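Notes for the one structure printed next.
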Amino acid sequence: MSSRIVVLISGSGSNLQAIIDASQDNDYPGKVVGVISNKADAYGLTRAENAGIETLALSHKDFDSREEYDVALMAKIDNFKPDVIVLAGFMRILTADFVQHYQGKLLNIHPSLLPKYQGLNTHQRAIDAGDKEHGVSVHFVTEELDGGPVILQAKVPVFDGDSSDDLAARVHEQEHRIYPLVVKWFAQNRLSMQQHIEDGQQKETAILDGNVLAPSGYAND
């Protein structure tokens, strides 16, 4: 049975498109059943509609608090009965209740080699630091912003004279390779997040085919 995928977006939805394209393959084990955006004019909604996928716009501006918005968003997501929720450029900081509600089945993609450069403006920060390589990470979402266990990373070179746009374009190519792959692993029931206690604190680990994943496992090595 095909896994049900719900994708959350705020913008153009290029990673959404990569997942939609991958899911057209008869062997792909997942299907995008719904796309939700907090912005009604997000082009990603048009991408989904063009693919015959149900869409929904739910503006955070219509709610008095982050908590109220996330409660409403959870209700909309749950209507799709998803097996996995994919954040693809969803520019919202999620509440703890939201993250806990979807614990272990909430994925995100972040444009840096985590744990480096959590947050915004990652490409310029890598250039300003003089880094020789940069990249992208797919990770499970936990309550720590961009801090969940990394599943897969891809590296790109940083060249002298690169602008942040140059670097972003190089990173986007890798994003579109690895995100559909990670979603596929999840849909095949090969990927999971496990929790354990380490030094008295709760830690999360990404597991693929029974093996613990570490950030050193790059997609393009």
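The values are calculated or read from the model by the stated rules, or taken from the named source; none is laboratory data. A quick note: this is a predicted structure, and the numbers were derived from the prediction, not measured. Here Cβ is always computed from backbone atoms with ideal geometry, including for glycine, and neighbour counts include all displayed protein chains. Heads up: the accessible areas ignore ligands, DNA and RNA and are worked out on the full protein's heavy atoms, side chains in. Shrake-Rupley method; radii C 1.70, N 1.55, O 1.52, S 1.80 Å.
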note = The condition of being more than 22 Å from VAL32 (Cβ to Cβ), at pLDDT 95 or above and charged (D, E, K, R) holds, among ASP64, ASP83, ASP78, only for ASP64
inquiry  = I need the full set of residues from the range 183-205 which are within 18 Å of ILE5 (Cβ to Cβ) and in a strand (DSSP E or B), in order please.
reply    = LEU191, SER192, MET193
key: Top-ranked residue of the range 36-59 - restricted to ones that are among the hydrophobic types (A, V, I, L, M, F, W, C) and out of contact with any Lys or Arg (no Cβ under 8 Å at 6 or more places or on another chain), ranked as farthest from LEU87 (Cα to Cα)   = ALA51
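Looking only at the range 2-29, which residues are among the hydroxyl-bearing types (Ser, Thr, Tyr), in a loop (DSSP other than H, G, I, E, B) and more than 14 Å from the chain's Cα centre (by Cα)?
Within the range 2-29, the subset among the hydroxyl-bearing types (Ser, Thr, Tyr) is 2-3, 10, 12, 14, 23, 28.
This time we only want the ones that are in a loop (DSSP other than H, G, I, E, B), so: 2, 10, 12, 28.
Across the range 2-29, the qualifying residues are SER2, SER12, TYR28.
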message = Pull out all pairs, ordered by first then second residue, where Cβ-Cβ is under 9 Å, the residues are six or more apart or on different chains, the first lies in the range 89-100 and is closer than 17 Å to ASP78 by Cβ, and the second is assigned to a loop (DSSP other than H, G, I, E, B) and open to solvent by 50 Å² or more (accessible area, probe 1.4 Å).
response = LEU94/GLU143; LEU94/LEU145; THR95/GLU143; VAL99/GLU143; GLN100/GLU143
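Rundown of residues vs (1) in a helix (DSSP H, G or I); (2) open to solvent by less than 70 Å² (accessible area, probe 1.4 Å), yes/no style:
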position: THR142; (1), (2): no, yes
position: GLN153; (1), (2): no, yes
position: LEU167; (1), (2): yes, yes
position: GLN174; (1), (2): yes, yes
position: ARG177; (1), (2): yes, no
position: ILE207; (1), (2): no, yes
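Table: residues versus (1) crowded, with 21+ Cβ neighbours inside 10 Å; (2) part of a loop (DSSP other than H, G, I, E, B); (3) under 14 Å from the mean Cα position of the chain (by Cα).
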| site | (1), (2), (3) |
| --- | --- |
| ALA75 | no, no, no |
| ASP78 | no, no, no |
| LYS81 | no, yes, no |
| ILE85 | yes, no, yes |
| TYR117 | yes, yes, no |
| HIS123 | yes, no, no |
| ALA126 | yes, no, no |
Test set (1) more than 23 Å from TYR179 (Cβ to Cβ); (2) part of a helix (DSSP H, G or I) - ASP64 fails condition number = (2)
ask   = GLU175: at pLDDT 95 or above, touching a helix residue (DSSP H, G or I) at 6+ places or on another chain (Cβ under 6 Å) and among the charged types (D, E, K, R), yes or no?
value = yes
message = If LYS203 meets every condition in (1) more than 23 Å from ARG125 (Cβ to Cβ); (2) touching a helix residue (DSSP H, G or I) at 6+ places or on another chain (Cβ under 9 Å) apart from one, which number is that one?
response = (2)
